[in-house]
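Data first, discussion second: the structure below is written as structure tokens.
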Amino acid sequence: MYGRYTQDLGTFAKDEAARLRVQQDRGEGDAPRLRLPSELLEYTQGRCGPCRVCALQCQRFFISKVGEDWVFLILLGLVMALVSWAMDFAIATCLQAQKWMYGGLDTNVLLQYLAWVTYPTVLITFSAGFTQILAPQAVGSGIPEMKTILRGVVLKEYLTLKTFVAKVIGLTCALGSGMPLGKEGPFVHIASMCAALLSRFLSLFGGNYEGGDCARQRGPTWVSLPPLCPSPLVPGVLFSIEVTSTFFAVRNYWRGFFAATFSAFIFRVLAVWNKDEETITALFKTRFRLDFPFDLQELPAFAVIGIASGFGGALFVYLNRKIVQFMRRQKTINRFLMKKRLLFPALVTLIISTLTFPPGFGQFMAGQLTQKDTLVTLFDNQTWTKQGLNDEFEYLGILEAWRRPRSNVFITLVVFILMKFWMSALATTIPVPCGAFMPVFVIGAAFGRLVGESMAAWFPDGIHTDSNIYRIVPGGYAVVGAAALSGAVTHTVSTAVIVFELTGQISHILPVMIAVILANAVAQSLQPSLYDSIIRIKKLPYLPELGWGHHEKYNVRVEDIMVRDIHYITLNCKYRDLQHVLQATKMKNLPLVESAESMILLGSIERAQVGSLLGQQLNPERRLQALQQKTMALDRHRLSDASICFQV
């Protein structure tokens, strides 16, 4: 019932037999003798035998009391915390190296451009080549494959050590290049592979961790580590469950939250130890006012953000799918790229890096900012269009990237949204380990900031309520836009909780929930989620949920769509019947039934396998051997007839 045995059946049978023998001895009136379990008898030899037996019994008692799940989840959280911290440290080092190279060549614009373009191109090319050579299964997000695996389909090489290494190194290089890519989906895949490998390792010491049914039950626990590691703890668990599982056992909730809590705690302790942060706090901490964060008259603006984000999310999924289909349908381009696998990622990186070059076109879209710096500035609670920059603002340097003397903040935000939109849709098609959540999250924050700045310009003195004046907070609009657009692309509502834990404030809980629900309603009626779209592109064996307007198809039965006039093979069919079936149909799989009268399905066999078996049974060597055996039998029969005649 609970998917796990505490003891092997053979061991249990031996212990039960020993117990019955002890009871039988007691029934006969003899003094009961202490009998150890059969697997402990080998430890009783020698002087230290009793000590070894005692130590082993104490170990078993400890495991039985603490529980194997606790040990498994603690190790899982510890390993994932170490992996994520090491990856974040390497990514931050790579991004800092790019800034150092760019800043050190400020005397020559041409050298700055070469450094700005060459650095990410080399990293992306290395990531694509390393992943393609070591484990091509590590390409992409990994969530579509995890959804398929948790539906019971076995995908080979997706949860192996080789794929784990390729995913970690490839993702680190891809994110270190500064391209508009995310790490949330790949972190879900990495956590799943880590749990699968850890379960195989623990199975060497006892416990049922490798069984298929056990793996499916533990699957949601595997992916329950926080994908936006390290900050969103609770929403990370909810998001992982929401994007991967159709059915989730409630008894696994505590496993997910326990592993996520332990992992996040270790990660933040490492960050404080490395002096990256002074204490454990929110990743993008905001300073919105708490007494009156928004007015009810602003709710229509938040609703507009949600509806527009729904259309934007559907457009992003559509654009991403069309780019992939265009590359596959153009046979000439597809054939060329299959031969030159590293050319496409290098070319895409070159184009995006050229457009984001800060002295060039990048000055109109804050090209020098990383994704983290971009979110920090977009969540700022000051109004850019009304007030000047406050000297006390901590991030004054990176905030200046949004203000240019030749353009205002509205033009910069519009150009940023439009350029990042198609760049992110194109970049996520690169054959490297990457996700799309963070780029979409940043685009949504920019769109919300644009609406917030527009509201601040339309109402410069704020909204009047009961003789009180409350100014517009554009940062709150950015939070709402980020949650709405990311929820529309992934078809999830847990993004609302993600922004609360990222910012450390829940002052905008009502606008965020309204926007996320409206965005999901619009997006689900137009397009599938990004992960379901990738499943369709890859043609994975997965049945997606029916969209709006198709609920009547739930009443369609199998007999309404099945093919009835089908050729089949029986157990007692002859060669002529089998040859007739192969000539009459082109089906790849042939059904095998017991007989033509009962029509009981026994299974299926592949057409290629049938042809191979026939070739093995009817090849010239077998025919010659059969003729020789037949000739020898006839000769023996003739000799026996001759001897009979002679005797007569």
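Numbers for the structure displayed
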read-out: Single residue of Val272, Val243 found to be farther than 30 Å from Ala521 by Cβ and modelled with pLDDT of 70 or more; value: Val272
read-out: Selection count where residues are open to solvent by 30 Å² or more (accessible area, probe 1.4 Å) and either hydroxyl-bearing (Ser, Thr, Tyr) or assigned to a helix (DSSP H, G or I) (or both), scope the stretch 331-372; value: 22
read-out: Qualifying residue in the stretch 126-147 (condition: at positive phi, under 19 Å from the mean Cα position of the chain (by Cα), exposed (fewer than 15 other Cβ atoms within 10 Å of the Cβ) and not assigned by the TED database to the domain that holds Ala427); value: no
read-out: Hits in the stretch 119-161 - residues which are in a loop (DSSP other than H, G, I, E, B) and of a type in the set (Gly, Ala, Ser); value: Ala135, Ser141, Gly142, Gly152
read-out: Gly448 vs. criteria within 21 Å of Leu369 (Cβ to Cβ), in the same structural domain as Ala308 (by the TED database), of a type in the set (Gly, Ala, Ser) and in contact with an Asp or Glu (Cβ under 6 Å, 6 or more places away or on another chain); value: no
read-out: Residues (over 18 Å from Ala478 (Cβ atoms) and open to solvent by less than 20 Å² (accessible area, probe 1.4 Å)) located in the stretch 302-315; value: Ala314
read-out: Residue within the stretch 196-208 that is modelled with pLDDT of 75 or more, more than 30 Å from Gln368 (Cβ to Cβ) and under 15 Å from the mean Cα position of the chain (by Cα) present; value: yes
read-out: Given (1) more than 31 Å from the chain's Cα centre (by Cα); (2) modelled with pLDDT of 80 or more, index of the condition Met423 fails; value: (1)
read-out: Which numbered condition Lys167 misses (of (1) of a type in the set (Lys, Arg); (2) touching a helix residue (DSSP H, G or I) at 6+ places or on another chain (Cβ under 6 Å); (3) open to solvent by 10 Å² or more (accessible area, probe 1.4 Å)); value: (3)
read-out: Test result for Glu606, among the acidic types (Asp, Glu) and either touching a residue at least 12 places away in the same chain (Cβ under 8 Å) or open to solvent by less than 100 Å² (accessible area, probe 1.4 Å) (or both); value: yes
read-out: Within the stretch 410-433, considering residues that are among the aromatic types (Phe, Trp, Tyr) and closer than 15 Å to Val451 by Cα, the one surrounded by the fewest Cβ atoms within 10 Å (Cβ to Cβ); value: Phe410
read-out: Qualifying residue in the stretch 98-111 (condition: among the aliphatic types (A, V, I, L, M) and surrounded by 17 or more Cβ atoms within 10 Å (Cβ to Cβ)); value: no
read-out: Residue in the stretch 579-588 that is in contact with a helix residue (DSSP H, G or I) (Cβ under 9 Å, 6 or more places away or on another chain), under 28 Å from Leu543 (Cβ atoms), surrounded by 11 or more Cβ atoms within 10 Å (Cβ to Cβ) and of a type outside the set (Ser, Thr, Tyr) present; value: yes
read-out: Top-ranked residue of the stretch 610-625 - restricted to ones that are over 46 Å from the mean Cα position of the chain (by Cα) and aliphatic (A, V, I, L, M), ranked as nearest to Val581 (Cα to Cα); value: Leu618
read-out: Condition check for Phe164: more than 16 Å from Pro345 (Cβ to Cβ), touching a Cys at 6+ places or on another chain (Cβ under 8 Å) and at pLDDT 85 or above; value: yes
read-out: Which listed residue is under 21 Å from Thr490 (Cβ atoms), open to solvent by less than 10 Å² (accessible area, probe 1.4 Å) and either at pLDDT below 70 or in the same structural domain as Gly435 (by the TED database) (or both), from Gly256, Gly236, Gly219; value: Gly219
read-out: Meets criteria (closer than 22 Å to Gly362 by Cβ and assigned by the TED database to the domain that holds Arg255) for Thr93; value: no
read-out: Residues of the stretch 474-512 classified as touching a helix residue (DSSP H, G or I) at 6+ places or on another chain (Cβ under 7 Å), part of a loop (DSSP other than H, G, I, E, B) and modelled with pLDDT under 85, total; value: 2
read-out: Members of the stretch 70-86 found to be under 18 Å from Arg251 (Cα atoms) and surrounded by fewer than 22 Cβ atoms within 10 Å (Cβ to Cβ), listed by number; value: Trp70, Val71, Phe72, Ile74
read-out: Condition check for Thr503: within 22 Å of Ala260 (Cβ to Cβ) and among the β-branched types (Val, Ile, Thr); value: yes
read-out: Filter pass, Ile600 being out of contact with any Ser or Thr (no Cβ under 9 Å at 6 or more places or on another chain), modelled with pLDDT under 90 and not assigned by the TED database to the domain that holds Val324; value: yes
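The values are calculated or read from the model by the stated rules, or taken from the named source; none is laboratory data. This is a predicted model, so every value here is computed, not measured. Every residue, glycine as well, gets a Cβ built from its backbone with ideal geometry; the counts of neighbours run over all protein chains shown. Areas reflect the complete protein model, heavy atoms only, side chains present, ligands, DNA and RNA absent. Shrake-Rupley method; radii C 1.70, N 1.55, O 1.52, S 1.80 Å.
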